[in-house]
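Structure first, commentary second.
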Amino acid sequence: MIHHQQLGTTAYTRSKKLLQLIQAGTITLGGNKKLKIYGTLQCSSGKRMKTENRVFFGDEQEALQQGYRACKRCLKRNVPPLGREGLHYCL
């Protein structure tokens, strides 16, 4: 798990390092450390979260081992159905 804030001291350096890690295939999923939810890097919910809550994973197995659950918006196939009171969208 890689915390977004650990990628650099400025937004520019973090963005540059993040792009390098994505292009290298080191990062394939993003997550919200407060909500313990992970999803794709293209998920609209994930793009709106605060950088201090954002974490990245190399694969789904890593996210699951850290106790995260799949996003209900972008990874519907991995989410067990919940009742109305349990409906909770992603990142």
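Out of every Cα-Cα pair that segment 32-76 contains, those further apart than 11 angstrom amount to 63 percent.
The simple spin-label model puts a point 7 Å past each Cα toward its Cβ; for THR26 and LYS47 those points are separated by 2.4 nm.
How much FRET efficiency would the formula 1/(1 + (r/R0)^6) give for LEU64 and LEU19, where r is the Cβ-Cβ distance and R0 is 35 Å, rounded to 0.05?
Working: r = 25 Å, r/R0 = 0.73.
After rounding, the FRET efficiency stands at 0.85.
Every number here is computed from the coordinates shown, using simple stated rules; none is lab data. Remember, predicted model here, so these are calculated numbers, not experimental data. We place every Cβ from the backbone using ideal geometry, glycine too, and count neighbours over all the protein chains shown.
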